[in-house]
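The values are calculated or read from the model by the stated rules, or taken from the named source; none is laboratory data. Computed from a prediction, not measured in an experiment: that's the story for all the values here. Cβ coordinates were reconstructed from backbone atoms using ideal geometry, including for glycine residues, and neighbour counts include every protein chain displayed. Ligands, DNA and RNA are stripped out before the accessible areas are found, and what is left, the full protein with its side chains, is counted by its heavy atoms. Shrake-Rupley method; radii C 1.70, N 1.55, O 1.52, S 1.80 Å.
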Amino acid sequence: MSSPNTVTATEREWKIVADHKTVKAGDITFTVTNKGTLNHELLVIRTDLPLGGIPIGADNKFNEDDPKATNVGESGEYAVGLTKTFKVTLAPGKYQLVCNIPNHYKNGMHIAFTVT
């Protein structure tokens, strides 16, 4: 099992799996691997909106600067088979780990994530 301040995740079409869905506040390192057949990205979104409930715009993405769903850190888009690592300092609260490439969020690429 990984350290409590690291989250290891995989992404594939319409699914995100993470080894931790709750972490303690502070510096968190995310390591994510694309096991799908399309490019993906992993965003850490601070939001009190329900899982899957972030409003999608005409571009089939959500606004990452929306104060109700704020992007606090991300991997950036990455290709099939690659692994990305990034660090984010997280305050206690409710989050979602998501992919915001067009249509990916609305197709189910989101999981609840809590920081205590």
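Data table
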read-out: In order through segment 57-73: 3J(HN,Hα) via Karplus (6.51 cos²θ - 1.76 cosθ + 1.60), integer Hz, x for Gly, Pro; value: x, 4, 8, 6, 10, 9, 6, 6, 9, 4, x, 8, 7, 9, 6, 9, x
read-out: Surface per residue (accessible, 1.4 Å probe) for the chain, Å²; value: 51 Å²
read-out: Relative contact order (%) - criterion: Cα under 8 Å, at least six apart; region: the chain; value: 34 percent
read-out: Rounded to whole Hz, the Karplus (6.51, -1.76, 1.60) HN-Hα couplings of segment 77-92, x for glycine and proline; value: 5, 9, 7, 3, x, 8, 10, 10, 10, 8, 10, 9, 8, 10, 8, x
read-out: Label-point gap, in nm, between D19 and A58 - each point 7 angstrom along Cα→Cβ; value: 4.4 nm
read-out: Share antiparallel - DSSP beta bridges, the chain, percent rounded to 5; value: 80 percent
read-out: Choice from V32, V80, V44 with maximal GNM fluctuation in the chain (Cα, 10 Å cutoff); value: V80
read-out: Candidates D59, D27, D48: whichever shows maximal mean-square fluctuation once the chain is modelled as a Gaussian network with Cα springs under 10 Å; value: D59
read-out: Extension gain, V88 back to T114 (0.36 nm per residue minus Cα-Cα distance, nm); value: 8.0 nm
read-out: Cross-link partners of K21 among lysines (Cα-Cα below 17 Å; sequence separation of 8 or more within a chain); value: K87, K94
read-out: Percent carbon-and-sulfur accessible area, the chain, ignoring ligands, DNA and RNA, probe 1.4 Å; value: 52 percent
